[in-house]
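A short worksheet on the structure shown next.
The values are calculated or read from the model by the stated rules, or taken from the named source; none is laboratory data. Please read all numbers here as calculations on a predicted model, not as lab measurements. We place every Cβ from the backbone using ideal geometry, glycine too, and count neighbours over all the protein chains shown.
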Amino acid sequence: VIGALFSLARPALHVLDPETAHHASIRALSLLPPRAPQPDDPRLNVSAFGLDFPNPVGLAAGYDKQCDVPDQLLGLGFGFVECGGVTPLPQPGNPRPRVFRLPRDGAVINRFGLNSDGLSAVSQRLRRRRGRPGIVGVNLGANKETRDRIADYVMLVTRLCGLAQFLTINISSPNTPGLRDLQGEAFLDELLARCVAARDEADGAIGYRTALLIKIAPDLDEAALDGLVATALARGVDGLIVSNTTTARPADMKESAVAGEAGGLSGRPLFLRSTQVLAQTALRVEGRVPLIGVGGIDSAQAAIAKFRAGASLVQLYSALVYQGPGLVPAIKDGILDHLRQAGAARIEDIVGADMAAIAADPAAALQMQAA
Ligand SMILES: Cc1cc2nc3c(=O)[nH]c(=O)nc-3n(C[C@H](O)[C@H](O)[C@H](O)COP(=O)(O)O)c2cc1C
């Protein structure tokens, strides 16, 4: 029903500027009563990070930035929802306009710069939904004007443990100056050591287990990935999310005027690069922690490519702008069809199946699979 409503409302939403349309969609969802998620086909169940996901299709960070409607989003059929990015103090983000649609590319460019209601407001909203079913995570970012970025993340972890099932250390937003520097080995080692210690202490006090993930950029080369993965595994993170938006602009984009806007590019033009970095990460992680694949998923086939590249779970955002929430059940149905055809009982049977080929040449490997 909501998918059909979206089809009716989409022309009106796309007349509005993207940020206004986004607020309108959150407002519309907030008018719905929170619905308990419907049960999924058991073949879609995935266990990862100590959590049992009813299905592997999640909503990526950046849609429900202020944690207004996680339960309504779970009711649309997502297996999990990542709210945020949240910063310790409220901050306005960059001046508008700061988000752009590229319809012919199936893409979005954003430079929100982590506009956030701040930790107090978001933790209050999470406290109100405590005890509700469904897996909700929170994406964490440092304040732009902070003097100590690591202390920002530590504070967020300490205060949000017990209010979400997983927390994502976002060190890959391209729109906060210097944030991506935290992906360097020395910084990352200290950041993760302190965040893991803060998580262990906060969880220990309340007898809870909060998974701690990191989210990385698709613009890292293989040498940077070597150090990053080694550090993340040594410090005991529970998983990695690959990837955030890219600062690159593929040469074949059709909306060349809008493509020149500064910010992070997401959607279809991000698919090949983010899937390649996912496979390169999976080759280094060697199954020691699960990965979440994000970037350009707009169909079941794209989601399946992420599993074959090494993801146990997937997330999406940009394709929802163009296809609406009906995409979520369509992807779940397509995954089930694929499992049937591949003679696989569960998603884990196809995870990493084409890892090496996709890491080397994603275009060739994925064309082969489609053929
Ligand atoms: C408008 C917008 C805002 C976003 N905000 C965040 C954010 O706050 N934190 C984060 O880690 N990723 C953020 N992202 C990145 C997405 O979570 C995702 O990694 C990226 O868009 C690639 O997925 P997609 O191609 O399915 O959109 C944002 C993306 C968009 C389009």
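Any idea which of (1) within 12 Å of the ligand (Cβ to nearest atom); (2) over 18 Å from the mean Cα position of the chain (by Cα) is the one residue 327 doesn't satisfy?
All conditions pass for residue 327, except number (2).
Answer yes if at least one residue in region 220-231 is aliphatic (A, V, I, L, M) and over 30 Å from residue 197 (Cα atoms), and no otherwise.
no
Tally up the residues in region 291-302 that are surrounded by 24 or more Cβ atoms within 10 Å (Cβ to Cβ), on the phi < 0 side of the Ramachandran plot and touching a residue at least 60 places away in the same chain (Cβ under 8 Å), please.
The qualifying residues number 2.
Name the residue, out of 62, 84, that is closer than 21 Å to residue 318 by Cβ, touching a Leu at 6+ places or on another chain (Cβ under 7 Å) and buried (at least 17 other Cβ atoms within 10 Å of the Cβ).
Among 62, 84, only 84 is closer than 21 Å to residue 318 by Cβ, touching a Leu at 6+ places or on another chain (Cβ under 7 Å) and buried (at least 17 other Cβ atoms within 10 Å of the Cβ).
Is region 229-246 home to any residue that is modelled with pLDDT of 95 or more, small (Gly, Ala, Ser) and closer than 19 Å to residue 112 by Cβ?
yes
Residue-by-condition table, conditions (1) surrounded by fewer than 16 Cβ atoms within 10 Å (Cβ to Cβ); (2) in a helix (DSSP H, G or I); (3) within 15 Å of the ligand (Cβ to nearest atom):
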site	(1), (2), (3)
169	no, no, yes
172	no, no, yes
177	yes, no, no
186	yes, yes, no
189	no, yes, no
192	no, yes, no
198	no, yes, no
202	no, yes, no
205	yes, yes, no
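Under 6 Å between Cβ atoms, which residue pairs at least 6 apart in sequence (or on different chains) link something in region 304-324 that is without any contact (Cβ under 8 Å) to a residue 40 or more places away in the chain with a partner that is buried (at least 24 other Cβ atoms within 10 Å of the Cβ)?
Close Cβ pairs (under 6 Å, with a partner that is buried (at least 24 other Cβ atoms within 10 Å of the Cβ)) amount to 306/293; 306/314.
The rows are residues; the columns are (1) within 30 Å of residue 150 (Cβ to Cβ); (2) away from the ligand (no atom under 15 Å from the Cβ); (3) within 19 Å of the chain's Cα centre (by Cα).
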| position | (1), (2), (3) |
| --- | --- |
| 7 | no, yes, no |
| 26 | no, no, yes |
| 30 | no, yes, no |
| 36 | no, yes, no |
| 59 | yes, no, yes |
| 63 | yes, no, yes |
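For every residue, the table says whether it meets (1) closer than 21 Å to residue 135 by Cα; (2) within 11 Å of the ligand (Cβ to nearest atom); (3) modelled with pLDDT under 95; (4) not in a helix (DSSP H, G or I).
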position: 296; (1), (2), (3), (4): no, yes, no, yes
position: 306; (1), (2), (3), (4): yes, yes, no, no
position: 314; (1), (2), (3), (4): yes, yes, no, yes
position: 320; (1), (2), (3), (4): yes, yes, no, no
position: 332; (1), (2), (3), (4): yes, no, no, no
position: 335; (1), (2), (3), (4): yes, no, no, no
position: 339; (1), (2), (3), (4): no, no, no, no
position: 356; (1), (2), (3), (4): no, no, no, no
position: 359; (1), (2), (3), (4): no, no, no, no
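Could you please give the count of residues in region 103-141 that are within 12 Å of the ligand (Cβ to nearest atom), assigned to a loop (DSSP other than H, G, I, E, B) and on the phi < 0 side of the Ramachandran plot?
Total meeting the criteria: 4.
Which condition does residue 289 not pass, out of (1) within 17 Å of the chain's Cα centre (by Cα); (2) more than 14 Å from the ligand (Cβ to nearest atom); (3) aliphatic (A, V, I, L, M); (4) part of a helix (DSSP H, G or I), if it passes all the others?
Unmet condition: (4).
Can you pull out every residue in region 231-285 that is crowded, with 24+ Cβ neighbours inside 10 Å, aliphatic (A, V, I, L, M) and in a helix (DSSP H, G or I)?
232, 270, 277, 278, 279, 282, listed by residue number.
Sort out which residues of region 212-223 are under 21 Å from residue 295 (Cβ atoms) and either touching a residue at least 12 places away in the same chain (Cβ under 8 Å) or touching a Phe, Trp or Tyr at 6+ places or on another chain (Cβ under 9 Å) (or both), and write them in order of number.
213, 214, 215, 216, 217, 218, 219, 220, 222
For region 84-93, which positions are within 12 Å of the ligand (Cβ to nearest atom) and in a loop (DSSP other than H, G, I, E, B)?
87, 93
May I ask you to list the residues in region 74-83 that are within 14 Å of the ligand (Cβ to nearest atom) and either assigned to a loop (DSSP other than H, G, I, E, B) or of a type in the set (D, E, K, R) (or both)?
Those that are within 14 Å of the ligand (Cβ to nearest atom) and either assigned to a loop (DSSP other than H, G, I, E, B) or of a type in the set (D, E, K, R) (or both): 78, 82.
Is it the case, given these coordinates, that residue 334 is under 29 Å from residue 10 (Cβ atoms), surrounded by fewer than 24 Cβ atoms within 10 Å (Cβ to Cβ) and of a type outside the set (A, V, I, L, M)?
yes
Being closer than 24 Å to residue 334 by Cα and part of a loop (DSSP other than H, G, I, E, B) is true for just one of 97, 37, 33. Which residue is that?
Only one candidate passes the filter, namely 37.
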